[in-house]
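Following: one structure in structure tokens, then a few remarks.
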Amino acid sequence: QVQLVESGGGLVQAGGSLRLSCAASGRTFSSYGMAWFRQAPGKEREFVAAIIRSGYSTYYADSVKGRFTISRDNTKNTVYLQMNSLRPEDTAVYYCAARPGPVAGVSTEYDYWGQGTQVTVSS
């Protein structure tokens, strides 16, 4: 089992920024594709961003392109989500996810999940 722990969520005003972190256990972090998903009340869990094993390719949902940046540091077993220009509609629980090998854009393809961290954006 790979254990993932998110941190960095909180309350922020619209237009502000937050950086989420996801710390992973194990020695094979670099072999996993990583992603962030989010889920707002009453809505389906949706894809936010993904990063391949090497970190050199990234993917984003249209709703966050140009505002969010996913990155990873394989020496620290950590993936990050830098969120800028936050909007009230970004309010959700954000989850870190991992799967062996390639990334994917649907939650069902991921084997490991963190507990989630709440992000609330006020207008």
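Of all residues in region 68-95, those that are within 18 Å of T58 (Cβ to Cβ) have Cβ atoms under 7 Å from Cβ atoms of residues that are open to solvent by 60 Å² or more (accessible area, probe 1.4 Å) and of a type in the set (A, V, I, L, M, F, W, C), 6 or more apart or on another chain, in Y95/W113. Considering only residues in region 83-105 that are in contact with a Gly (Cβ under 7 Å, 6 or more places away or on another chain) and open to solvent by 50 Å² or more (accessible area, probe 1.4 Å), the one that is nearest to Q115 (Cα to Cα) turns out to be P102. Taking the criterion of being open to solvent by 20 Å² or more (accessible area, probe 1.4 Å), under 18 Å from P102 (Cα atoms) and part of a strand (DSSP E or B), the only residue of region 20-34 that qualifies is Y32. Residues in region 107-122 that are open to solvent by 40 Å² or more (accessible area, probe 1.4 Å) and within 13 Å of the chain's Cα centre (by Cα) were compared, and the one that is nearest to K65 (Cα to Cα) is Q118.
Let's see how each residue does on (1) in contact with a Gly (Cβ under 7 Å, 6 or more places away or on another chain); (2) open to solvent by 40 Å² or more (accessible area, probe 1.4 Å); (3) of a type in the set (K, R); (4) within 18 Å of Q118 (Cα to Cα):
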position	(1), (2), (3), (4)
E6	yes, no, no, yes
L18	yes, no, no, yes
W36	no, no, no, yes
D73	no, yes, no, no
L81	no, no, no, yes
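Criterion applied to V119, V48, V103, V64 was being closer than 21 Å to G8 by Cα and not in a strand (DSSP E or B), and the one residue passing it is V64.
The values are calculated or read from the model by the stated rules, or taken from the named source; none is laboratory data. Computed from a predicted structure; not experimentally measured. Reconstructed Cβ throughout: ideal geometry from the backbone, glycine too, with neighbour counts over all protein chains shown. For accessibility, only protein heavy atoms count, side chains too; no ligands or nucleic acids. Shrake-Rupley method; radii C 1.70, N 1.55, O 1.52, S 1.80 Å.
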